1. Which net charge results for the neighbourhood of PHE372, defined as the other residues with beta-carbon distances under 15 angstrom from its beta-carbon, given Lys and Arg at +1 and Asp and Glu at -1?
2. Out of residues 5 or more away from GLY216 or on other chains, whose amide H comes under 5 Å of its own, with H placed 1.01 Å from N in the peptide plane?
3. Could you calculate the contour length gain from SER200 to THR89, that is, 0.36 nm times the residue separation minus the distance between their Cα atoms, to one decimal place in nm?
4. Normalised by the number of residues in region 213-349, what is the relative contact order in percent for Cα pairs under 8 Å and 6+ residues apart?
5. At what distance in nm do the modelled label points of LEU15 and HIS104 sit from each other, each positioned 7 Å from its Cα along Cα→Cβ?
6. Please give every one of the aspartates and glutamates within straight-line cross-link reach of LYS128, meaning a C-alpha to C-alpha distance under 15 Å, and leave out same-chain neighbours fewer than 8 residues apart.
7. Tell me the carbon and sulfur percent of the accessible area for region 168-260, rounded to whole percent, probe radius 1.4 Å.
8. Which residues make up the longest stretch of the chain that has no trypsin sites (Lys or Arg not before Pro) in a DSSP loop with at most 11 other Cβ atoms within 10 Å?
Amino acid sequence: MTRYLSLALGAQQPLFGQSIQELERASGRPSADIRLSSEMMQQVRTKVMELGLDPEDTTGPELYGALQSRLGRDEVKVRQALGLADDVTSTDILAAVTKYLNNHEVTSICFALKAAVARKLLKKKIPKAAMKKLGYRSFDSMLKHETPAAIYTAAVIAEAPSWHKTFREQYAKLQSSDFEQRKMSVEYPRSKRWTELAQSFVAGSRHNIMSFKELGAVVVLPIEAKVDGLAIASLLLTLHYMNDIRTYSSFAKLQQVKPSFGKTIQQAAFEEPMTSANLAGQPVPWKVIQRYYGRMKASFHPEVFEPQVQPEDLQWHDAEAVLAELEPSLAFWMHTQYACMLHDDQPVSLNILDVALSYCNHLCFSDRIVHFVREHLWHELMSRYLHQENLEAAVHQQLSRDLLDDIALAEI
């Protein structure tokens with residue numbers, strides 16, 4: 001079973017097997033790897049049957065083809081649920097997705113950089129190339145007509161790496177007072193200038209959605225070309241980035257007592273935030289903590305997180321559940337985030353985001369995307385071991401000790 005997980009994750013052996021053995025030993029041998037593997041295999045069998053295939057002899061290419069067909073049919077249903085006509089444009093699809101998410105409870109409160117502070121940072125390092133691309137003669141005019149998140153987006157597209165390096169260095173001096181509690185947002189700038197700016201970038205990068213965790217904002221770039229699967233893919237990616245914002249938000253709140261607050265949140269804005277805790281030698285990403293307590297609300301320990309982080313800060317929204325709420329028949333995709341079949345020792349993902357991105361890009365079987373199923377599988381495996389009482393207590397102790405050390409340093 002460890003070999004099955006290793007192949008699904010693309011993990012390096014024998015290191016992966018040794019890590020699992022250590023986790024098993026440290027947690028009292030709950031056989032979490034075996035249980036997870038068995039659940040995955042059963043889930044795949046169930047979904048293969050729901051697709052009208054025989055789980056005994058379905059090949060990887062056959063499953064992939066069936067999933068792609070299913071995604072195409074579900075795209076039609078999602079567009080209808082959003083009130084879109086058959087001849088709808090990509091621009092209208094993205095507008096409908098943005099409106100739906102901004103009106104949904106999934107756009108929750110987050111801990112984000114104040115708009116005034118974001119503008120101040122931009123004034124210190126004006127994105128002149130972005131300003132020119134958007135047709136502004138002065139930066140003050142740009143600040144008046146564009147949100148900070150939109151300007152950040154234009155800078156990502158237009159500015160040189162040297163600009164980004166200098167701009168990011170400013171983050172190291174940020175204080176917790178530069179942040180505030182506010183609702184996260186999904187923005188969709190779509191003027192003629194924005195469409196022109198986005199066109200070559202989207203064509204080259206093959207994505208049109210950007211996340212700025214420190215701003216609590218997701219920015220959707222306009223697309224004029226017809227894109228198959230656009231409604232589902234844009235919904236899923238935006239929801240994925242919203243969970244990233246929640247993760248950054250709760251992590252930043254927990255860092256408020258750190259004397260090195262600025263440097264810590266600077267690093268977390270551009271890299272996955274990590275905790276000081278580990279599971280049997282394995283470092284624990286903050287995203288694992290976020291997902292774990294987002295689902296295991298009864299396990300929340302105030303002494304570890306409060307007063308900086310409250311239970312509501314550790315929310316996690318499964319994108320599949322949001323889709324099923326919009327269109328009930330899409331419940332097919334629920335509980336498949338970390339499900340995959342092995343074909344020639346390589347995973348065939350049932351994760352809907354992997355399937356949707358493969359569908360949008362018309363990828364053949366050999367080029368299929370498996371990134372998100374691997375990420376979810378690894379985090380699920382870590383969560384299974386974190387759920388063991390002794391390991392959970394050990395992680396709590398490490399986090400509490402780290403927090404107390406930071407408080408002591410701050411008082412010196």
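The values are calculated or read from the model by the stated rules, or taken from the named source; none is laboratory data. In this text, all values refer to a predicted model and were calculated from it rather than measured experimentally. As a convention, Cβ positions derive from the backbone with ideal geometry for all residues, glycine included, and neighbour counts pool all protein chains shown. Ligands, DNA and RNA are excluded from the accessible area calculation, which covers all protein heavy atoms including side chains. Shrake-Rupley method; radii C 1.70, N 1.55, O 1.52, S 1.80 Å.
1. Numbers: positive: LYS287, ARG291, ARG368, ARG374; negative: ASP244, GLU272, ASP318, GLU320, ASP354, GLU375, GLU380.
Counting the neighbours of PHE372, the net charge comes to -3.
2. LEU113
3. Numbers: separation 111, 0.36 × 111 = 39.96 nm, distance 1.87 nm.
Residue separation times 0.36 nm, minus the Cα-Cα distance, leaves 38.1 nm.
4. On the way: 108 pairs, mean separation 27.5, N = 137.
Reported relative contact order: 20 percent.
5. Distance between label points: 3.7 nm.
6. Within the straight-line limit of under 15 Å, LYS128 reaches these aspartates and glutamates: ASP140, GLU146, GLU159.
7. Values: 1710 of 3650 Å².
Roughly 47 percent, rounded to a whole number.
8. Numbers: sites that count: ARG137, ARG206, LYS226.
It runs 227-412.
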